[in-house]
Amino acid sequence: MGLDVAALYDKYGPMVLRRCRRLLRDEAQAADAMHDVFVQVLKSNRRLTGQAVSSLLYVIATHECLSRLRVRRRAPIDADDAVVLEVALADDLEGRTLTRALLETAFQLEPVSTRTIAVLYHLDEMTHAEVAAEVGLSVSGVRKRLRHLEGRIHALGGAR
């Protein structure tokens, strides 16, 4: 028997919406993404169990939002929509633009899961253990991915 998706929506909808708002930084797109998360749950209802539902919804929301950001990056609506992972290392427009380009290049060379790990660790400020639990890797696997990403960014010309 499947899960009661309406009950899940009532209970976890606000959490999923907060996650989507955080990543997309656009209220309308966040609401659309939240609804798409629950549509995905509805489609997979027979395969889901009642265990770790909040973690599963969090991961699905992250993947949905990152997917939307990739589409947005390919055909941005405006210049401000290019990347949510903007690093505020520089105060000037030129520095932010260079940082954005550096991150886009680095993430294109990495698996999507590495982007998810970076978002959870750097933006959501989760611990290595929390990230590992969310993405299904060991703590050492998460550390390795983050070190590899940082090395790639450094090799591409970023400072750290």
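Is it the case, given these coordinates, that V39 is surrounded by fewer than 16 Cβ atoms within 10 Å (Cβ to Cβ), modelled with pLDDT of 85 or more and assigned to a helix (DSSP H, G or I)?
Values: surrounded by fewer than 16 Cβ atoms within 10 Å (Cβ to Cβ): yes; modelled with pLDDT of 85 or more: yes; assigned to a helix (DSSP H, G or I): yes.
It is true that V39 is surrounded by fewer than 16 Cβ atoms within 10 Å (Cβ to Cβ), modelled with pLDDT of 85 or more and assigned to a helix (DSSP H, G or I).
State all residues of segment 133-147 that are open to solvent by less than 40 Å² (accessible area, probe 1.4 Å) and modelled with pLDDT of 90 or more; if no residue qualifies, say none.
Of the residues in segment 133-147, the ones open to solvent by less than 40 Å² (accessible area, probe 1.4 Å) are 134, 141-142, 146.
Result: G141, V142.
For the condition surrounded by fewer than 15 Cβ atoms within 10 Å (Cβ to Cβ), modelled with pLDDT of 65 or more and assigned to a helix (DSSP H, G or I), what is the one hit in E150, E94? Walk me through how you get there before you give the answer.
Values: E94 fails: modelled with pLDDT of 65 or more.
Result of the check over E150, E94: E150.
Pairs needed: first member in segment 46-72, farther than 21 Å from D124 by Cα; second member anywhere, open to solvent by less than 40 Å² (accessible area, probe 1.4 Å) and at pLDDT 80 or above; C-beta distance under 8 Å; at least 6 residues apart or different chains.
L48/V41
I'm trying to understand the selection: among the residues of segment 1-25, which are without any contact (Cβ under 8 Å) to a residue 24 or more places away in the chain and either surrounded by 15 or more Cβ atoms within 10 Å (Cβ to Cβ) or assigned to a helix (DSSP H, G or I) (or both)?
Restricting attention to segment 1-25, the residues satisfying the condition of being without any contact (Cβ under 8 Å) to a residue 24 or more places away in the chain are 1, 4, 6-7, 10-11, 14, 17-18, 21.
Those that are without any contact (Cβ under 8 Å) to a residue 24 or more places away in the chain and either surrounded by 15 or more Cβ atoms within 10 Å (Cβ to Cβ) or assigned to a helix (DSSP H, G or I) (or both): A6, A7, D10, K11, P14, L17, R18, R21.
Is it the case, given these coordinates, that T62 is open to solvent by less than 60 Å² (accessible area, probe 1.4 Å), part of a helix (DSSP H, G or I), at pLDDT 85 or above and not aromatic (F, W, Y)?
Working: open to solvent by less than 60 Å² (accessible area, probe 1.4 Å): yes; part of a helix (DSSP H, G or I): yes; at pLDDT 85 or above: yes; not aromatic (F, W, Y): yes.
Spelling it out, T62 is indeed open to solvent by less than 60 Å² (accessible area, probe 1.4 Å), part of a helix (DSSP H, G or I), at pLDDT 85 or above and not aromatic (F, W, Y).
The values are calculated or read from the model by the stated rules, or taken from the named source; none is laboratory data. As the structure is a computational prediction, the values presented were derived from the model and not from experiment. So basically every Cβ, Gly included, is an ideal-geometry build from the backbone, and we count neighbours across all protein chains shown. Quick note on the areas: whole protein, heavy atoms, side chains included, nothing else; ligands and nucleic acids left out. Shrake-Rupley method; radii C 1.70, N 1.55, O 1.52, S 1.80 Å.
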